[in-house]
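Below: the structure, in structure tokens.
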Amino acid sequence: MEGRPFNRLQRARAYQRAKNVNDTLPFGTRRDLYDVHTEWINHSMYPKEVDPASARHVIGTSTFGTTKPYSSSILNISAMSHGAISANAIMALNHGAKLGNFSHNTGEGGVSKYHLDGGGDLVWNIGTGYFGCGSGTLQRHFEPTLFQETLQEACGQVKMIEIKLSQVREFLSHL
């Protein structure tokens, strides 16, 4: 570091600290959770009764050519790749999805036997990564036969498909 100028990130961090601005990048949200206008859901000691019909939304209609519309819950399990959590966690989430009558997004890890174990509805996340329904090493290519095989093995559990078009990753130099 001796004799070299500070890089842009180092200068920005110094300016932020001098102005008493939060200079850390959180692993989760970048929202200011202490802002007056930030909203979130809290558990309640006295929950209100909710009409089950209002907690669902139909996705796909015959008007748009959908032959199998799906009545989705407004609250579901978001995408978490099989590589990010354990097999037991995936099974527990899928069992919960079945019990709660909501869907479980597979994440980029594809549809595994653990996703199918609980019998819950699945949203199959087909991404740009290693898993999914593609082949190839440097460039992934969609494989229609692998796609059909996965749907057949799922025996109707896959209710929707989410296509992940890209993923942006930021790499910051170590300061």
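Where a number appears in this text, it was derived from the coordinates with a stated rule and is not lab data. Remember, predicted model here, so these are calculated numbers, not experimental data. Positions of Cβ are backbone-derived with ideal geometry, glycine not excepted, and every protein chain shown enters the neighbour counts.
Of note:
- Within the range 42-68, the set of residues being outside any loop (DSSP other than H, G, I, E, B), out of contact with any strand residue (DSSP E or B) (no Cβ under 8 Å at 6 or more places or on another chain) and within 17 Å of Lys159 (Cα to Cα) comprises Ser62, Phe64.
- Ser54 meets the stated requirement of being polar (S, T, N, Q) and more than 25 Å from Leu165 (Cβ to Cβ).
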